[in-house]
Structures are given as structure tokens and as C-alpha cells.
Amino acid sequence: MSVVMTDEQRALLNTPALSGHFPLHFKYGYTVTALDVTCDGCNKIIPLARMHGRISRSSPFVADVRAIAYCDCGKVAIQRIRLWDDMTFSVLNGDGEWQVGRTAITWKSRLRIKVRKISLRFKQRLGLAS
Ligand SMILES: [Zn+2]
């Protein structure tokens, strides 16, 4: 299946796999271990190894992720995600607005949250010892 891509999509696809950037560590023991994107076309989860993109850390408190996810079904999706050190994150929606998601503890301090098509996996070190 051939896919028509924009220049930005082509450039992002030529970056290394996003999995090389994880786990992403923040202060206070908060770590993002993985980022999953659900495909709009087939509803399957596109794993990190199938995503490419860039992560910039302009400050220790935020990671700005620009990711392209390329699914087996031929669908290509670009996602802008900002991860913050207070365990919130924002996803840029189609209208150019940042939608905020907050983490929730689910099981054995493994954290997972889903906003729109984005699902993040976290872990948090318990206690304040460094
Ligand atoms: Zn798909």
C-alpha cells in the first residue's frame, strides 16, 4: 500500500526509532517507560519500536515529543505530546489545542493513562530517597 506523506512526515520517519529515548526520567522519581499510540485506521496499538520522532528537553520539567507512528495497515499519524514532571501530559488535538491528561495509579504503582489515542506507561519510585 502506498502512502502519500508530507515532507514533515518523511523527515520524521527518517529519525531513529523513538524507543531509543525511553525510559524518560524526570525529577522526583517519575519515569515514563513507554508511549503507545492507538491507530485510527485499525485500532491496534502501534508500539514504540514502530514510532519515530524527536524528543526535546528544553527544561528538566518537560519533554516535548513529536512522533510519527506508522501502522501495518498503512495509516500514518503524527502526534505532539508534552510530558511534564508533575505526572501530567498534554496532547495536541486536531484543532491546535492542548488536551491535558493526568496519570492514575492502577496496579502496583504502575501508571497508565489514556487520553484520546495516546496511552502512556509510567513508573514512580516510592519515597524521597535519591
Ligand atoms: Zn492501523
Identify, from the list LEU24, LEU13, the residue that is in contact with a His (Cβ under 6 Å, 6 or more places away or on another chain) and either within 16 Å of the ligand (Cβ to nearest atom) or more than 17 Å from LEU92 (Cα to Cα) (or both). LEU13
Sort through ILE55, ILE68 and tell me the only one that's surrounded by 14 or more Cβ atoms within 10 Å (Cβ to Cβ), within 16 Å of the ligand (Cβ to nearest atom), of a type outside the set (Lys, Arg) and at pLDDT 85 or above. ILE68
Just to be sure I understand the filter: pairs with C-beta atoms under 8 Å, separated by 6 or more residues or on different chains, first member in the stretch 37-56 and touching a residue at least 24 places away in the same chain (Cβ under 8 Å) and closer than 16 Å to ARG121 by Cα, second member away from the ligand (no atom under 15 Å from the Cβ) and of a type in the set (Phe, Trp, Tyr). Which pairs pass? LEU48/PHE22
Please indicate, with yes or no, whether at least one residue in the stretch 37-45 is modelled with pLDDT of 85 or more, surrounded by 12 or more Cβ atoms within 10 Å (Cβ to Cβ) and more than 16 Å from the ligand (Cβ to nearest atom). no
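The values are calculated or read from the model by the stated rules, or taken from the named source; none is laboratory data. Quick caveat, the model's predicted, so the values are computed rather than measured. Backbone-built Cβ (ideal geometry, glycine too); neighbour counts: all protein chains shown.
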